[in-house]
Amino acid sequence: MTNMIRVGACQTPEIIGNPPKALACILRFAKEAEDKNVDLLLFPECFLTGYILSNHSWRNIRMILNPSNSPQYSSSLGI
């Protein structure tokens with residue numbers, strides 16, 4: 001018997017400098033992938049950050065990804 005992993009690669013819209021919108025897009029893709037029994041879901045590099053890598057944008061990303069600050073992110077983690 002062979003163990004198989006189902007992998008999904010996401011072709012995302014271009015979302016520049018808007019991590020909350022990118023996260024919402026990721027959650028939509030994740031729901032679709034879950035419905036299709038995907039084990040590993042791939043996104044473009046830097047998609048969540050909005051492709052902007054300044055110190056200010058990193059602070060914003062950390063705030064968004066802090067489960068205590070983001071109910072949407074917390075729910076995606078199941079916490």
Inset, instruction - Determine which member of the set LEU41, LEU48 is within 10 Å of the chain's Cα centre (by Cα), outside any helix (DSSP H, G or I), aliphatic (A, V, I, L, M) and modelled with pLDDT under 85. - result: LEU48
Legend entry - Every pair of residues 6+ apart whose Cβ atoms lie under 7 Å, when the first sits in the range 26-42 and is surrounded by 11 or more Cβ atoms within 10 Å (Cβ to Cβ) while the second is assigned to a helix (DSSP H, G or I) and among the aliphatic types (A, V, I, L, M): LEU41/ALA30; LEU41/ALA33
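The values are calculated or read from the model by the stated rules, or taken from the named source; none is laboratory data. Bear in mind the structure is a predicted one, so any value in this text is a computation, not a measurement. When we count neighbours, we look across all protein chains shown, and the Cβ atoms used for this are built from the backbone with ideal geometry, even at glycine.
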